[in-house]
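Data block below; observations after.
The values are calculated or read from the model by the stated rules, or taken from the named source; none is laboratory data. Computed from a prediction, not measured in an experiment: that's the story for all the values here. Virtual Cβ from ideal backbone geometry, glycine too; neighbours counted across all protein chains shown.
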């Protein structure tokens, strides 16, 4: 029997540089937003870029995280 995806959840993770530590490494904070799982990768990237423009800190990365329950 084929597996079925149920309750899909997609998060847009916006990683921003909030500081530099004493060793000179960037301190990264993640802001997570639930988005429609049906959005394309291009849509999620465009949304992340627009949200990044609203941040007080520089954007380090934009990630998409998909999850779902699996059942037969």
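Suppose we filter segment 3-24 for residues that are in contact (Cβ under 8 Å) with a residue 60 or more places away in the chain and on the phi < 0 side of the Ramachandran plot; how many remain?
Result for segment 3-24: 5.
Suppose we filter segment 25-72 for residues that are over 10 Å from residue 10 (Cα atoms), touching a residue at least 12 places away in the same chain (Cβ under 8 Å) and over 12 Å from the mean Cα position of the chain (by Cα); how many remain?
Residues in segment 25-72 being over 10 Å from residue 10 (Cα atoms), touching a residue at least 12 places away in the same chain (Cβ under 8 Å) and over 12 Å from the mean Cα position of the chain (by Cα): 9 in total.
State all residues of segment 1-46 that are assigned to a loop (DSSP other than H, G, I, E, B) and either surrounded by 12 or more Cβ atoms within 10 Å (Cβ to Cβ) or at pLDDT below 95 (or both); if no residue qualifies, say none.
Residues satisfying the conditions are 1, 2, 3, 37, 39.
Within segment 47-58, is even one residue at pLDDT 95 or above, part of a strand (DSSP E or B) and loosely packed, with under 14 Cβ neighbours inside 10 Å?
Scanning segment 47-58, I find no residue that is at pLDDT 95 or above, part of a strand (DSSP E or B) and loosely packed, with under 14 Cβ neighbours inside 10 Å, so the answer is no.
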